[in-house]
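Only one structure is covered here, and it is reproduced in the block below.
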Amino acid sequence: MKIAILSRNRKLYSTRRLVEAAEQRGHEVQVIDVLRCYMNITSMRPSIHYRGQVLGDFDAVIPRIGASVTFYGTAVLRQFEMMGVYPLNESVAITRSRDKLRSAQLLARKGIGMPVTGFAHNPDDIQDLLKVVGGAPMVIKLLEGTQGIGVVLAETQKAAESVIQAFMGLKANIMVQEFIKEAGGADLRCLVVGEKIVAAMKRQGPEGEFRSNLHRGGSASLIRLTPEERSTAVRAARIMGLNVCGVDILRSNHGPVVMEVNSSPGLEGIEKASEKDIAGMIIDFVTRRALETSGKKNRTTTRGRG
């Protein structure tokens, strides 16, 4: 099987592991920088050009699209979809999950546990917004932030007002969430592959840090999930429409609450904590689904000709 991996850096741990796992299984793999792709958008023969050449036929595509290139990256992924290539995660699902506000609204609509969340546009509404989420301390997030960047813990009402006014002055879109103090600066990363949790770890932020991201110096350890936490993570992935994702959960006094659903979860921390071949599981899933999809298309074509 021929697999494309959309990644800007083949040396990254996650990309490297996916390549290794695919090659170990006898697949042909090509790592493609999405920003070097350009497209011929036509209804007859859509194509993707890369570094001066037309990309050949692929059976499956694995998107590892960074948050900063979501718009162009998902456009390239849509082109692969137009060409009949099976995507590990569809472009519409990735776009949906990258929009923090839209994700929160979709999850809340389906009854997923979440921190109380507020969103406003007018600075005159700030004080009432802070009351809506229960007052300080509270977490203020840039909607475009990633890996813990653009996330601020405001411990007092005045601090919250100042931060929100500063962000609004920069025309930045933000949302405000209640601070889950009982989580103790830790969250649970649940790795979902094909509606199954294949691994889970607890990420603990360093002392004095409320963010648990490993990129910010957090540590990872193996964790056993409760049935409710498992159900919450799987349902969140399904609502987002993602086949593979990382669901980040906080343990609150009123049950598990979802903080984020990540469409391109890093594999290094979860593989080392769980000692599992997560990359291999992803390759097995995408190749199996690509073959199933191809078989369905062939049967449909045969029936049409008959």
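Observations
- Here 92, 139, 152 are screened, and the one residue that is touching a residue at least 60 places away in the same chain (Cβ under 8 Å) and assigned to a strand (DSSP E or B) is 139.
- Test: residue in region 94-116 that is buried (at least 17 other Cβ atoms within 10 Å of the Cβ), closer than 21 Å to residue 37 by Cα and among the hydrophobic types (A, V, I, L, M, F, W, C): yes
- Qualifying residue in region 99-121 (condition: closer than 25 Å to residue 254 by Cα, within 18 Å of the chain's Cα centre (by Cα), among the polar types (S, T, N, Q) and in a helix (DSSP H, G or I)): yes
- Screening 242, 250, 214 for residues that are modelled with pLDDT under 95, farther than 18 Å from residue 113 by Cα and either touching a helix residue (DSSP H, G or I) at 6+ places or on another chain (Cβ under 6 Å) or polar (S, T, N, Q) (or both) leaves exactly one candidate, 214.
- Residue 151 touching a Lys or Arg at 6+ places or on another chain (Cβ under 6 Å) and not acidic (Asp, Glu): yes
- Candidate set: region 245-256, residues that are of a type outside the set (Lys, Arg) and surrounded by fewer than 23 Cβ atoms within 10 Å (Cβ to Cβ); chosen: the one nearest to the chain's Cα centre (by Cα): 248
- Subset of region 174-204 [touching a strand residue (DSSP E or B) at 6+ places or on another chain (Cβ under 7 Å) and assigned to a loop (DSSP other than H, G, I, E, B)]: 179, 180, 185
The values are calculated or read from the model by the stated rules, or taken from the named source; none is laboratory data. Keep in mind it's a predicted model, so treat the numbers as computed, not measured. Note that we place each Cβ from the backbone using ideal geometry, even for glycine, and neighbour counts take in every protein chain shown.
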